[in-house]
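The values are calculated or read from the model by the stated rules, or taken from the named source; none is laboratory data. Everything numeric here is computed off the predicted structure, so don't read it as measured data. Neighbour counts are summed over all protein chains in view; Cβ atoms, including those assigned to glycine, are modelled from backbone coordinates with ideal geometry.
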Amino acid sequence: MTSRLGTMAVQMAPSILNADFARLADEAAAVADVADWLHVDVMDYRFVPNLTIGLPVVESLLKHTELPLDCHLMIAEPDRWAAGYAEAGARNVTVHAEALQAPTRTLRMIRAAGARAGLAINPATPVEPYEDLLPEFDMLLLMTIEPGFGGQAFLDVVLPKLRRARALVQRHGASVWLQVDGGVGEETIERCAEAGADVFVAGTAVYGADNPAAAVQRLRQHAERATARAPWQQH
Ligand code: DX5
Ligand code: ZN
């Protein structure tokens, strides 16, 4: 999948966590022409201290938007639920490494159910243990906040890990996308792109803006500009 607006591999995934949950169809429509994905944060009050939406809402949302859904499962029992999101029609399903007992099993289950498989790692989780598993997933999500809530400050301490992750992907010639999630906005998106990210989740920066579509377009421009001059792109 390439970005809609340019030749760079930048993809924008607005997060509906900060949208109006009573008007999800409208909120999705507000970014439908400018986003590549709609990022859906599923929280179970166990893996993270917050509760959001689950499979029934995702099933309903799928009937009301053409945007591919990027489901980010912040839940304690991904084995029990992940395949269900893929079967419902989510195009990508991301599970947290910290919640997985058998990563290859869960990631293969997601792919077998017809979705792209994403692996998410929290700020304190190292990327190196997952190097040999690169063929098992399609996207690596590096959390740039502690998961659970929107509107938190971006954690710059994750950037060295993002650079190492990009180097790993390049060394293996893998086609794994690198997604950043948390505190991504106009102030921080360029640092993420420069360090190696190519898929950008933004909640507050999009749905906290007066015009969410314009916000996505502005963020994309920043990301594309930074990608063009990023060291990892000069290969
Ligand atoms: C938080 C979620 C994020 C959240 C980001 O755990 O995974 O997707 O929506 O929100 P902002 O962009 O406001 O940090
Ligand atoms: Zn998320």
Going by the conditions given, is residue 70 in contact with a Phe, Trp or Tyr (Cβ under 7 Å, 6 or more places away or on another chain), in contact (Cβ under 8 Å) with a residue 40 or more places away in the chain and closer than 15 Å to residue 206 by Cβ?
-> yes
State the number of residues belonging to the range 136-154 that are of a type in the set (A, V, I, L, M, F, W, C), in contact with a Gly (Cβ under 7 Å, 6 or more places away or on another chain) and more than 20 Å from residue 100 (Cα to Cα).
-> 2
With the first residue restricted to the range 26-39 and required to be within 15 Å of ligand 1 (Cβ to nearest atom), and the second required to be of a type in the set (Asp, Glu), Cβ contacts under 8 Å at 6 or more apart or on different chains are 27/20; 37/70; 38/70; 39/70; 39/181
Can you tell which of 197, 153, 213 is hydrophobic (A, V, I, L, M, F, W, C) and exposed (fewer than 15 other Cβ atoms within 10 Å of the Cβ)?
-> 153
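Please go through the range 69-80 and give me each residue that is within 16 Å of ligand 1 (Cβ to nearest atom) and either surrounded by fewer than 24 Cβ atoms within 10 Å (Cβ to Cβ) or part of a strand (DSSP E or B) (or both), ordered by number.
Across the range 69-80, the qualifying residues are 69, 70, 71, 72, 73, 74, 75, 76.
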Which residue pairs have Cβ atoms closer than 7 Å, lie 6 or more positions apart in sequence or on different chains, and pair a first residue in the range 143-157 that is touching a residue at least 40 places away in the same chain (Cβ under 8 Å) with a second residue that is β-branched (Val, Ile, Thr) and not in a loop (DSSP other than H, G, I, E, B)?
-> 144/158; 144/180; 150/204; 151/204
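Conditions tested, residue by residue: (1) more than 15 Å from ligand 2 (Cβ to nearest atom); (2) surrounded by fewer than 20 Cβ atoms within 10 Å (Cβ to Cβ).
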| site | (1), (2) |
| --- | --- |
| 22 | yes, yes |
| 45 | yes, yes |
| 54 | no, yes |
| 93 | no, no |
Say whether the condition of being within 11 Å of ligand 1 (Cβ to nearest atom), touching a residue at least 40 places away in the same chain (Cβ under 8 Å) and more than 13 Å from the chain's Cα centre (by Cα) is met by at least one residue in the range 214-221.
-> yes
Confirm whether residue 116 is touching an Asp or Glu at 6+ places or on another chain (Cβ under 6 Å), of a type outside the set (Phe, Trp, Tyr) and either crowded, with 22+ Cβ neighbours inside 10 Å or closer than 23 Å to residue 37 by Cα (or both).
-> yes
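Got a sec? Which of 47, 21 is aromatic (Phe, Trp, Tyr), touching a helix residue (DSSP H, G or I) at 6+ places or on another chain (Cβ under 9 Å) and free of Cβ contacts under 8 Å to residues at least 40 places away in the same chain?
Values: 47 fails: free of Cβ contacts under 8 Å to residues at least 40 places away in the same chain.
When all the criteria are applied, what remains is 21.
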Residue among 16, 75 that alone is touching a residue at least 40 places away in the same chain (Cβ under 8 Å) and more than 30 Å from residue 229 (Cβ to Cβ) | 16
Looking only at the range 117-161, which residues are more than 20 Å from residue 71 (Cβ to Cβ), assigned to a loop (DSSP other than H, G, I, E, B) and not hydrophobic (A, V, I, L, M, F, W, C)?
-> 123, 126, 151, 152
Taking the range 1-23 on its own, how many of its residues are modelled with pLDDT of 95 or more and within 16 Å of residue 90 (Cα to Cα)?
-> 4
